[in-house]
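The values are calculated or read from the model by the stated rules, or taken from the named source; none is laboratory data. Computed from a prediction, not measured in an experiment: that's the story for all the values here. Because the Cβ atoms are built from the backbone with ideal geometry, glycine has one as well, and the counts that use them run over all protein chains shown. For accessibility, only protein heavy atoms count, side chains too; no ligands or nucleic acids. Shrake-Rupley method; radii C 1.70, N 1.55, O 1.52, S 1.80 Å.
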Amino acid sequence: MSKSVLEFYEQLSSDYHLIFKDWENSVRWHSNTLNKIIQKYKNAPIESLTLLDCSCGIGTQAIGLALLGYNVHATDLSPKAVERAQQEAKRMEANMTFGEADFRTLKDQVVGEFDVIITCDNSLPHLLSSEDLVIASENIYCKLKKDGLFLASIRDYDQLAIDRPKILSPTVFDDESGRRIVFQVWDWTEDGQFYTVNLFIVRQENEGWNTTHRVTKYRAIQRKEMDEALLQAGFKDVAWHMPEDTGYYQPIVTARKY
């Protein structure tokens, strides 16, 4: 994971909500959808379950899950993202705890073990080598309790690495603050293993427009490699849940620790 990843999320922390039509409603939608999947595996009252979101960002999944009753600890690589998540949790009256941590050093940076660990919004593909993916998987495994559940959402790179799209269609939002346009331009490497994301947020201001541009890099981790990394780390029952079955916007992988 490169320094540019940290810079990307440090810069984006104040604007991240702008990529959603209504971020607060999205928080509740994400948590309700993920909760349905978690409950298929964890036969216990929500209030008894401890959950670690190890890439919480500004809290898009973690805050909603805390509001549902999970005992949530949320961590992220970006101090500014964690600070923003804390502010949002306080505003939305979500009772939860926070910390700063890297996927690859959770064992040393996070105290305790959890019934559930999640990482969503395509965070794992910021790990730019197979070795780092295995290290992260091992660290996640170490922080799970026996019979624990790991859940991650990742873009469908099995298809994207073939299609190699260059742009995500612009989305136009109109609200009380005015009009904004959000879109991404993707620059793929020749072998299709990596791509650079250029995220543009264009906001109408009086008679003109203001544009912010953020850049980060991803690795197109396909499902077979993800499976192998999880199995190497010690996980069992690795399974994929596709959007047409879950209603979630990205494929989700689950794995168990026995």
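Take each of the peptides 159-168, 221-230, 61-70, average the number of other beta-carbon atoms within 10 Å over its residues, and list them starting from the highest.
The most tightly packed comes first, giving 61-70, 221-230, 159-168.
Place the peptides 38-44, 86-92, 51-57 in order of packing, highest mean first, counting for every residue the other Cβ atoms within 10 Å and averaging per peptide.
51-57, 86-92, 38-44
Residues with beta-carbon under 9 Å from that of PRO251, excluding PRO251: net charge, scoring Lys, Arg +1 and Asp, Glu -1?
In short, 0.
Which is farthest toward the positive dipole end of the stretch 21-63 among HIS30, CYS54, ALA44, measuring Cα position about the Cα centre, with Cβ charges +1 (Lys, Arg) and -1 (Asp, Glu)?
Highest projection toward the positive end goes to ALA44.
In the structure shown, do any of LYS107/LYS146; LYS90/LYS217; LYS90/LYS146; LYS80/LYS146; LYS40/LYS145; LYS90/LYS145 have a Cα-Cα gap over 24 Å, and if so which?
The pairs that break the limit, which is 24 Å between Cα atoms, are LYS90/LYS217; LYS90/LYS146; LYS80/LYS146; LYS90/LYS145.
Rounded, prolate or oblate for the chain? Axes are the square roots of the Cα gyration tensor eigenvalues, ordered a ≥ b ≥ c, and the cut-off for rounded is a/c under 1.5.
It is oblate, given that a/c is not under 1.5 and a/b is not larger than b/c.
Quickly work out the ASN198-to-ASN210 label distance, labels modelled 7 Å from Cα along the C-beta direction, and quote it in nm with one decimal.
It is 2.2 nm.
Using just the Cα positions, wrap the stretch 1-144 in a convex hull and report its mean projected area in square nanometres, one decimal place.
So the Cα hull casts an average projection of 8.1 nm².
In whole Hz, with x marking every Gly and Pro, tabulate ³J(HN,Hα) for the stretch 96-103 from phi via Karplus 6.51 cos²θ - 1.76 cosθ + 1.60, θ = phi - 60°.
7, 10, 9, x, 10, 6, 9, 3
Leaving out ligands and nucleic acids, and using a 1.4 Å probe, what accessible area per residue does the stretch 33-137 come to in Å²?
39 Å²
If you average the alpha carbon positions of the stretch 186-258 and of the stretch 53-119, how far apart do those two centres end up, in angstrom?
Computed from Cα coordinates, the inter-centre distance equals 19 Å.
Provide the per residue accessible area, probe 1.4 Å, for the stretch 154-258, rounded to a whole number of square angstrom.
56 Å²
Using θ = phi - 60° and the Karplus curve 6.51 cos²θ - 1.76 cosθ + 1.60, what whole-Hz ³J(HN,Hα) does each residue of the stretch 180-191 get, with Gly and Pro shown as x?
9, 10, 10, 7, 10, 10, 10, 10, 8, 6, 4, 7
Starting from the Cα-Cα distance between ASP237 and VAL185, subtract it from 0.36 nm times their residue separation and give me the gain in nm to one decimal.
Full extension of this stretch gives 15.1 nm more.
Give me the percent of the accessible area of the chain that comes from carbon and sulfur atoms, probe 1.4 Å, all protein chains in place.
47 percent
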